[in-house]
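The values are calculated or read from the model by the stated rules, or taken from the named source; none is laboratory data. These figures come from a predicted structure and were not determined experimentally. Every residue, glycine as well, gets a Cβ built from its backbone with ideal geometry; the counts of neighbours run over all protein chains shown. Just the protein is used for accessible areas: all its heavy atoms, side chains included, with ligands, DNA and RNA removed. Shrake-Rupley method; radii C 1.70, N 1.55, O 1.52, S 1.80 Å.
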Amino acid sequence: MDQPACGPVFAGIDVAKDRLDVHLRPSGQTFAMPRNGAGIDQLLDRLRDTPPTLVVMEATGGFELTVAAAIAGAGLPLAVVNPRQIRDFARATGRLAKTDRLDAEVIALFAERIRPEPRPVPDEDAQALAELVARRRQIIEMIGMEQNRRRQARARHVARTIEATLRVLQAQLDQIDDDIDGAIRDTPAWRAADDLLQSVPGIGPVASRTLIAEMSELGRIDRRAAAALVGVAPFNRDSGQMRGHRAIAGGRTSVRNTLFMATLSAVRWNPVLKAHYHQLIQRGRPKKVALIACLRRLLSILNAIIRAQKPWHIA
């Protein structure tokens with residue numbers, strides 16, 4: 001005798017530029033709608049009819065933001081995951097074919113089997129700050145590329161056009177810095193976090209504001225989870241009697257790169273990290289391994305400071 005389904009429901013959503021494909025597990029129900037205001041309203045109505053235990057979608061470079069905000073605003077549990085996790089899961093389950101509908105099915109299966117932890121979606125102000133920080137990073141990369149071209153340019157006219165581009169990029173960088181500074185100072189919570197983070201020797205405005213914009217979990221998770229999010233938690237590579245070389249992987253590359261530069265400063269000017277670095281070197285650790293260990297230590301300190309809401313001090 002057929003019985004009504006009363007177990008947990010998992011929804012996988014594949015987000016494309018103009019379309020949303022949805023798959024529900026374990027029922028296998030599928031449907032699609034346009035990725036616009038009316039389509040998102042229709043999506044929420046369908047999800048409310050069978051409230052899911054978890055909704056999962058991929059981070060697709062910005063297309064998912066509006067959909068994620070609507071789902072989170074409706075009070076539905078949502079996890080936005082790295083697309084690489086979904087691809088690895090699909091290969092592990094032997095699902096090599098790829099269409100939008102099949103992708104939604106794989107995402108729903110991932111939600112059911114893996115059950116990633118739902119995380120809050122950043123509000124509009126947080127998303128705007130993250131875009132400013134990301135744009136600042138892009139402008140700095142473009143300035144570096146133009147400076148390299150300027151050194152290689154032989155024709156005077158070419159050099160002049162590069163210099164003009166550099167002046168424009170520098171003006172945009174100055175404006176972005178002003179916008180970021182204004183956003184931080186106009187938001188009391190961000191201003192307090194910025195002051196706390198910059199109280200740590202080695203952490204300057206760029207590192208502080210990158211953390212505020214791109215690692216909102218800081219202070220709300222433990223040090224191991226923070227290291228995993230940034231991608232500085234070493235993974236074992238052991239088999240039988242063999243003990244392989246531990247290596248870091250994954251994580252938020254932009255945050256890790258920024259913290260690495262901050263660590264280079266901290267091992268010179270922060271007494272705790274300076275002592276830790278020299279101890280590791282004296283024990284025979286390679287310099288880069290010692291720096292990554294100091295990065296983890298620095299991240300742990302920052303996490304504790306934000307959690308305790310107390311500025312840096314040497315115990």
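Compute the semi-axes of the equivalent ellipsoid of the chain, taking the square root of 5 times each eigenvalue of the Cα gyration tensor, and list them largest first in whole Å. Don't skip to the end; give the middle numbers.
On the way: eigenvalues 299, 150, 94 Å².
Each semi-axis is √(5λ); the values are 39, 27, 22 Å.
Could you give the length gained by full extension between GLN172 and SER199, i.e. 0.36 nm per residue of separation minus their alpha carbon distance, to one decimal place? Please report the intermediate quantities before stating the final value.
Numbers: separation 27, 0.36 × 27 = 9.72 nm, distance 2.81 nm.
In short, 6.9 nm is gained.
In Å, what Kirkwood hydrodynamic radius results for the range 47-101 from the alpha-carbon pair distances?
Working: mean 1/r = 0.0792 Å⁻¹.
Answer for the range 47-101: a Kirkwood hydrodynamic radius of 12.6 Å.
First check a/c for the range 20-116, with a ≥ b ≥ c the square roots of the eigenvalues of its C-alpha gyration tensor; if it is under 1.5, answer rounded, and if not, answer prolate when a/b is larger than b/c or oblate otherwise.
Working: a/c = 1.58, a/b = 1.47, b/c = 1.07.
Note, shape of the range 20-116 comes out prolate.
For LYS274, give me every one of the lysines with a C-alpha distance below 19 angstrom, ignoring sequence neighbours fewer than eight places off in its own chain.
Within reach: LYS287, LYS288.
For LYS17, give me every one of the lysines with a C-alpha distance below 25 angstrom, ignoring sequence neighbours fewer than eight places off in its own chain.
LYS98
Across the range 68-76, in residue order, what do the Karplus-derived ³J(HN,Hα) couplings come to in whole Hz, using 6.51 cos²θ - 1.76 cosθ + 1.60 with θ = phi - 60° and x for Gly and Pro?
Couplings: 4, 5, 5, 5, 5, x, 7, x, 8 Hz.
I'd like the distance separating the alpha-carbon centroids of the range 92-125 and the range 256-315, in whole Å.
35 Å
Report the residues of the range 183-212 in range of a label on ASP125: point 7 Å along Cα→C-beta, backbone N strictly under 14 Å from it.
Hits in the range 183-212 for ASP125 at 14 Å: 183-194.
Convert each backbone phi in the range 143-150 into a coupling constant with the Karplus relation 6.51 cos²θ - 1.76 cosθ + 1.60 (shift: θ = phi - 60°), then list the ³J(HN,Hα) values in order as whole Hz, x for Gly and Pro.
4, x, 5, 5, 5, 5, 5, 5
Ignoring everything but the protein chains, give the 1.4 Å probe accessible area of ARG150 in square angstrom, nearest 10.
Per-residue accessible area (ARG150): approximately 80 Å².
Taking the 0 to 90 degree range and rounding to the nearest ten, how far is the long axis of helix 100-114 tilted relative to the main principal axis of the chain, both from C-alpha atoms?
Rounded to the nearest ten degrees, it is 80.
What FRET efficiency would be calculated for the residue pair ARG307, THR99, taking the C-beta separation as r and a Förster radius of 45 Å, to the nearest 0.05?
0.50
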